[in-house]
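Enquirer: What follows is a structure written as structure tokens; I'll ask about it next.
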Amino acid sequence: LRYAFDVQWPHSIVIPPSAVAQYNDITVFLTQLRRANSAIQNVSTARWTEQIRRAPGNGLGGPVARRFEPRLKCFISSLYRYVFLRILDTEWETMLESVDRALTLDDIRSAHEEFLNVASRQCLVSPDPTWTLLAEQIRTILAVSCEYFACQLSDGSISEDDASRLSATFEDSHEYILRVLNNKLDVGTAAPEVEELLS
């Protein structure tokens, strides 16, 4: 998945070709996150039919699925809110304020570059080693969310075999993520965003 951005003059004065490549990476991650969030939400809305609501178990599946689904939903929705609020709200507003205060073109470039660097870290596309370690595991969990929805049966449930397989993948990735983030905090080399991810 790739996006093409054609930055015309005079915007190209502030947004160089290297920034376009970063924007592409950020947009790809945001698209993957939105898709995963939509998928896990659709698992619930698919059960809103009268037939499923009246059926035994309300389409929630067996014990593994009942334990796993809330954990997956919590992780995806928390990551979704964290990333979109930080990038599309807080950091974007911070950049606009910096641009408004800018007195020179270099000040505007610096404000944009700072926003892009922060956004790259939030979207795990920064060259920073911490985010590189986390990126693959986060994307694995996003894929689990999409596959969980794809495995949903006509009665709204997920088979125990599928739930067990996806749960094991999720737990492995989740444990790895927590281990990396906690290690970064323990040695005091974590970026400011790391503590927010663990809260």
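The values are calculated or read from the model by the stated rules, or taken from the named source; none is laboratory data. Fair warning: this is a prediction, and the values are worked out from it, not measured in the lab. Cβ sites come from the backbone with ideal geometry, for glycine too, and all protein chains shown count toward neighbours. Only protein heavy atoms, including side chains, enter the accessible area calculation; ligands, DNA and RNA are left aside. Shrake-Rupley method; radii C 1.70, N 1.55, O 1.52, S 1.80 Å.
Enquirer: Please list, ordered by first then second residue, the pairs with beta carbon atoms under 9 Å, 6 or more apart or interchain, first in segment 78-106 and touching a residue at least 24 places away in the same chain (Cβ under 8 Å), second open to solvent by 70 Å² or more (accessible area, probe 1.4 Å).
Expert: Tyr80/Arg34; Tyr82/Glu196; Phe84/Arg34; Arg86/Glu196; Glu91/Glu114
Enquirer: In addition: Those residues that are farther than 20 Å from Glu136 by Cβ, assigned to a helix (DSSP H, G or I) and open to solvent by less than 20 Å² (accessible area, probe 1.4 Å), I need them from segment 157-186; list them, please.
Expert: Result: Ala163, single match.
Enquirer: Six or more apart or on different chains, Cβ atoms under 9 Å: show the pairs whose first residue is in segment 132-144 and over 16 Å from Arg35 (Cβ atoms) and whose second is polar (S, T, N, Q) and open to solvent by less than 10 Å² (accessible area, probe 1.4 Å).
Expert: Qualifying pairs under 9 Å: Glu136/Ser173; Gln137/Ser173.
Enquirer: While we're looking at this one, here's another question. Select from segment 6-23 the residues that are in contact (Cβ under 8 Å) with a residue 24 or more places away in the chain and within 20 Å of Ser120 (Cβ to Cβ) and write down the one among them that is least open to solvent (accessible area, probe 1.4 Å).
Expert: The extreme case among them is Ala19.
Here is a yes/no grid of residues against (1) open to solvent by less than 30 Å² (accessible area, probe 1.4 Å); (2) part of a helix (DSSP H, G or I); (3) within 24 Å of Tyr82 (Cα to Cα); (4) not aliphatic (A, V, I, L, M):
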position: Glu97; (1), (2), (3), (4): no, yes, yes, yes
position: Asp107; (1), (2), (3), (4): no, yes, no, yes
position: Glu113; (1), (2), (3), (4): no, yes, yes, yes
position: Ser126; (1), (2), (3), (4): yes, no, yes, yes
position: Asp155; (1), (2), (3), (4): no, no, no, yes
